[in-house]
Each structure stands twice: as C-alpha cells, then as structure tokens.
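J.: What follows is a single structure, and I will ask about it in a moment.
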Amino acid sequence: MTDKNTTVNLEQLASLCKRRGFIFQSSELYGGINGFWDYGPLGVELKRNIKDAWWRDVVQRRDDVVGLDASIIMHPRVWAASGHLDGFSDPMVDCKTCKGRFRADQLDNTPCPQKPSKKVGVCGGELTEPRQFNLMFQTSIGPVQDDSSVAYLRPETAQGIFAQFDNVLSVSRQKVPFGIAQIGKAFRNEINPRNYTFRSREFEQMELEYFIAPGSDQSWHEYWVKERLAWYTRIGLAAEHLDQYIYAKEELAHYASACVDIMYQFPFGSQELEGIAARGNYDLSRHSEYSGKNLEYFDQEKIERYIPHVVEPSAGVDRIALALLCEAYRVEWIPKEGAEGEIRDAVPGEKVPAGCEERTVLRFAPLIAPVKAAIFPLLKNRPELVNTAQELYRDLQRRWPVFYDQTGAIGRRYRRQDEAGTPFGITVDFQSLEDQTVTWRDRDTMQQIRVPMAEVPARLSDALA
Ligand code: GAP
C-alpha cells in the first residue's frame, strides 16, 4: 500500500466536499439525519459520470447486456424468496448504560459515544446479548396499515432483475450467456452508518446479473473480475490502491461457488467497492419456487432446459464516488507566480516553504470530473474579452458541462477550479483578439500553452475519450 491514501484526512476532505458542493449532510437544516447524504451541484455531476461510465461500458458497448429500471418497492414475496426476510440481518447489542445500539461484530473498532477514547465493550457500559436485527426498511402500501399492507424498500437492486428475468428474456431476443443491468437506489437500516458516506442507509447500486449455462461459472466469474478491475483503473483509481479479497470456500454462501471483492485503500483501511459472486442458480430457483412459475431457459443449441446460473458484479456508486474523491484529493505546495520550482505534496503540520503557496486540488480523470473546462476572460471590464470568452463558453456548453467565471484575479479563479477538480482552464486574453489563440492551462501540471481557439473542442474531446 502506498502512503497516499493513509494520509488523506477524511475530515478535511469532507470539509472541502461541503464547501465546494459535492456532499452535504441530509436535512442539515434540522440537525441532520444519520446515514443519509445529499449530493450538491458538483457531487451530482460526479455521481452521474460514474453511472454513465458504468452504463456505457457494461450495457451500451456490449451486445450481450440489456438494461432495466425496476421499482424500489416490490411484492413482499420477492424478499421471502430472496432470503432477505429471514436472513438479511446483522448481530446487534444494546448498551444499557448509554442506550446506544452497536454491531456486535464491530465492537473492536466502534468508539463509545460517552467515552470516545474507549471502544464499546471495554468502556464499562453493560451490553445485552447479541440479537439479529433485520436491515430492511419496512413501509406499508395503501391507507390501511395491517399485516397485509407491509412492504419493504429494496435492500439491493438485484432482485428486481431476477423478478423480471422472464419478461426481459422474452422481449430482448438475448440468448444465454447474457446479462441484465440496473442502476438504482437501495436502502439498508444499517446499525452503525460510518466512515462518511461509506456505509449509509440510502445508497445507489450498479448491479449486473450475467446469466450463464451451468458449468461455465468459473470462467465467467474470472472474466468479470478482470473486466471490473480494469474498469476501476479506467475511471481513475490507481491500480496500486486496489486490492482483491478472494473468499475462502468456507466463507461462501452455501449456493455460491466463488466470490471476489474489489477493495480500495480508503484512509480508514482497505474496504469493499464491489462484490463479484458466482451464485449458481439459487436466485432464479427460489423465485421459481415461490412464484410457481417455471423460469427454465430452453437452450436451442444444446436442446436442453435449465435454470441459468448467474455471475453478479455488484458495485456501490457512493463508495466509488468516495474512493474517487480520496484518490483525487491533494494538498500541494506550488511555486508562487513568477517563482521557479516543482509541485510537491504538502507535508502535514509543516510551514509552507518560502517561494511557495498551498493549493488544494482534486486530480480527477477528465472522464469523471464534474466540470470539464472553465472559460475565463482575462478581465471582466473589457467587453471584447468577455464577448469572445462567452461565445467560446456557449459553444463548448452544447457538448460538455463547462463553467464560465469572470470574477476575481485569474490566479484565484484557477485555484477555485483546482478545488472543483476541473481539468482544464481556458483563458481569453488580449493576444486572443489578435491571433485567435487562447491559453490552455492543465490543472495537474499547471502548465499553460497557447492553442488556436478553433482547436479547443477537438482538444477537449480527445482528453475525454
Ligand atoms: N446484490 C448483492 C449485494 O447487494 P452487497 O455486497 O451487499 O451485495 C453491493 O452490496 C455493493 O453495494 C457493495 O460492494 C457496496 O459498494 C454497496 N453497498 C452495500 N451496502 C452499502 C451501504 N450501507 N452504504 C453504501 N454502499 C453500500
């Protein structure tokens, strides 16, 4: 593990995310609500880019995967069939002293709310015996609340796919092997939401159910682990910050033949971004049993009927967003304007060296950056500069999320965009009026070159490819 991620200060990152409009605490106006988060103007673009990149790579660029958008609330029998009603629970203990409720299997790293220097269990508080707590949020359908109106917010998007397997198969003209993909909200009443947005009670998942012939489980599982690992590096996570956790046989669910978690080295340790499981035919068999419908597939080449097996890559959008923020976040010492020198990572607690200033920057990959370029007139009180810059801005805005800013000194405008993670700054100055060139500033190197204004769209397009 490199040092980089252990040194990202999560509190400083959260403060930047609030200040720049990536992530706000939900209902902050009313004191907040634990485990829920709102994404501000930059955060919503970041998440959209993650989902778009996934959808493009997993669905649109493939012939063998189609999409679905199932409802969040489904028939409660779905959750009986999937096993969530009986088994989707975590062990919980109550503290009779502080009245807190804690995950019984995470006491070792849960600080006591009353004595934060001590962990729960060794703080002197009296704990109950562990009991199972079902994580599904319960609601009711219709005006009368009784046993027959009980429903659940989905704790995963996957079951919507299994429940619609037959319909999608019949309309999509797909043949096994093929996949159904879905992006959407999931809800879990986590006992201890923690680590900023990492473990939330409401989050988004991107799930693929890839249906395969029995016996091909291992090769397809290996294929999807490879595919998904490569995707994370494409969106900008360094390969050296990614790990794989390979489940031992005894850790697997009884129906699964393999499972690998893709992990990212967060500041709070290496933690799961995505799980890729070979689940056999458990899910479709259970839905077949509980619904009474035959969910067998007829394989025309082999002339045989079977319930397809499935490989399930299941990723969390919010965790990926947090990983990308951790990866991109840097506090740097940069040479002051006019001074010579290199860009260096700031050393926490040390004074900024002479001739340098500090900058905070989010080094997002251009594909993922919320804003792709910022366009500036050098001065706001010169209509010829403003008009040219606005014309360029309007032109680029038709294709990409770009930002126009004319207020303040140009150096401060660059710095604001560095904090937002905008990869390119384009400035219209007096030379632009003479030779139709602009300065093109690279966020990471801070180097500026002159490029013909007419070439700006093509340059941007290349950078985002
Ligand atoms: N259908 C399989 C499934 O839901 P999971 O490992 O429970 O598997 C898949 O969840 C992904 O969803 C995780 O890898 C994680 O990225 C995300 N996820 C799960 N629980 C979460 C939570 N409480 N907060 C944020 N993301 C979560």
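The values are calculated or read from the model by the stated rules, or taken from the named source; none is laboratory data. All values derive from a computational prediction rather than experimental measurement. Reconstructed Cβ throughout: ideal geometry from the backbone, glycine too, with neighbour counts over all protein chains shown. SASA here: full protein model, heavy atoms, side chains in, ligands and nucleic acids out. Shrake-Rupley method; radii C 1.70, N 1.55, O 1.52, S 1.80 Å.
J.: Just add up the charged neighbours of Tyr245: K/R +1, D/E -1, any other residue whose Cβ is under 15 Å from the Cβ of Tyr245.
T.: -3
J.: In a shell of Cβ-Cβ distance under 13 Å around Leu295, excluding Leu295 itself, what net charge do Lys and Arg (+1) and Asp and Glu (-1) give?
T.: My count for the surroundings of Leu295 gives -2.
J.: Now for a separate question. Provide Rg over Rh for region 371-464; use the alpha carbon set for both Rg and the Kirkwood Rh (inverse mean inverse pair distance).
T.: Looking at region 371-464, the ratio lands at 0.91.
J.: Of the beta bridges DSSP finds with both residues in the chain, what % are antiparallel, to the nearest 5?
T.: Here the antiparallel bridges make up roughly 85 percent for the chain.
J.: Under the Karplus relation 6.51 cos²θ - 1.76 cosθ + 1.60, θ = phi - 60°, what is the ordered set of whole-Hz ³J(HN,Hα) values for region 49-59, x standing for Gly and Pro?
T.: Calculated HN-Hα couplings, in order: 5, 5, 5, 5, 4, 5, 4, 4, 6, 8, 10 Hz.
J.: Between Trp55 and Thr128, what length in nm is gained on full extension when 0.36 nm per residue of separation is reduced by their alpha carbon distance?
T.: 21.7 nm
J.: Just the Kirkwood number for the chain, please: inverse of mean 1/r across all distinct Cα pairs, in Å, one decimal.
T.: When all Cα pairs of the chain are included, the Kirkwood radius is 25.1 Å.
J.: Follow-up question, since we're still on this one. With an 8 Å Cα cut-off and a minimum separation of 6 or more residues, compute the relative contact order for the chain in percent.
T.: 13
J.: For region 100-142 and region 358-395, what is the separation of their C-alpha centers, rounded to whole Å?
T.: Taking the Cα centre of each part, region 100-142 and region 358-395 sit 48 Å apart.
J.: Let me ask another. Can you list the HN-Hα couplings for region 189-204, worked out from phi with the Karplus curve (6.51, -1.76, 1.60; θ = phi - 60°), rounded to whole Hz and with x for Gly and Pro?
T.: Residue by residue, region 189-204 yields 7, 4, 5, 10, x, 7, 6, 6, 8, 4, 10, 10, 9, 10, 7, 10 Hz.
J.: In addition: State the Cα centre-to-centre distance between region 281-335 and region 164-209 in whole Å.
T.: 7
J.: How much accessible area per residue does the chain have, in Å², with a 1.4 Å probe?
T.: Here the per-residue accessible area is 49 Å².
J.: Still on this structure, I have one more. At a 1.4 Å probe, what is the % contribution of carbon and sulfur to the accessible area of region 86-188?
T.: Heavy-atom surface of region 86-188 belonging to carbon and sulfur, 1.4 Å probe: 48 percent.
J.: For a Förster distance of 35 Å, can you work out the FRET efficiency between the beta-carbons of Lys175 and Gln25, rounded to the nearest 0.05? If you can, show how the numbers build up before the last one.
T.: Numbers: r = 47 Å, r/R0 = 1.36.
It comes to 0.15.
J.: Which ³J(HN,Hα) values, rounded to whole Hz and listed in residue order, are derived for region 407-421 from phi using the Karplus coefficients 6.51, -1.76 and 1.60 in 6.51 cos²θ - 1.76 cosθ + 1.60 with θ = phi - 60°, glycine and proline given as x?
T.: Going residue by residue, I get 9, x, 5, 4, x, 6, 5, 4, 4, 4, 6, 4, 5, 7, x Hz, with x marking Gly and Pro.
J.: With a 10 Å radius around each residue's Cβ, average the other Cβ atoms per peptide and rank 208-216, 272-280, highest first.
T.: On the way: 208-216: 20.0, 272-280: 21.8.
Descending packing order for the listed peptides: 272-280, 208-216.
J.: Of the accessible area of region 217-362, with the probe set at 1.4 angstrom, what percent is carbon plus sulfur? Each step should come with its number before you reach the end.
T.: Values: 3380 of 7200 Å².
Ligands and nucleic acids excluded, carbon and sulfur give 47 percent.
J.: Would you mind working out the magnitude of the charge dipole of region 214-315 relative to its Cα centre, with +1 at each Lys and Arg C-beta and -1 at each Asp and Glu C-beta, to the nearest 20 Debye?
T.: Roughly 180 debye, rounded to the nearest 20.
J.: With Cβ to Cβ distances under 10 Å as the rule, what net charge do the other residues near Glu126 carry (K, R +1; D, E -1)?
T.: 0
J.: Could you tell me what percent of the DSSP beta bridges with both partners in region 318-465 are antiparallel, to the nearest 5?
T.: Around 70 percent of the beta bridges assigned by DSSP in region 318-465 are antiparallel ones.
J.: Do any GluC sites (Glu not before Pro) in region 315-377 lie in a loop, going by DSSP, with at most 11 other beta-carbon atoms within 10 Å of their beta carbon, and if so which?
T.: The qualifying sites are Glu337, Glu340, Glu342, Glu350.
J.: In addition: Can you give me the C-alpha center-to-center distance between region 221-265 and region 440-460, rounded to a whole angstrom?
T.: Each part reduced to its Cα centre gives a spacing of 37 Å.
J.: Work out, step by step, the length gained on full extension between Arg459 and Asp299: first 0.36 nm times the residue separation, then minus their alpha carbon distance; give nm to one decimal.
T.: Values: separation 160, 0.36 × 160 = 57.60 nm, distance 4.84 nm.
Full extension from Arg459 to Asp299 adds 52.8 nm.
J.: Moving on. Once R0 is set to 22 Å, what does the formula 1/(1 + (r/R0)^6) return for the Cβ-Cβ distance between Asp243 and Asp345, expressed as a FRET efficiency to the nearest 0.05?
T.: The formula returns an efficiency of 0.45 here.
J.: Please state the charge dipole magnitude for the chain, taken about the Cα centre, from unit charges on C-beta atoms (+1 on K and R, -1 on D and E), reported in debye and rounded to the nearest 20.
T.: 1080
J.: Once fully extended, how much extra length lies between Asp69 and Ala253, figured as 0.36 nm per residue of separation less the alpha-carbon to alpha-carbon distance?
T.: Result for the pair: 63.5 nm of gain on full extension.
J.: Would you work out which of Tyr223, Trp55, Leu378 lies farthest towards the positive end of the dipole of the chain, given +1 charges on the beta-carbon of Lys and Arg and -1 on that of Asp and Glu, about the Cα centre?
T.: The Cα lying farthest towards the positive end belongs to Leu378.
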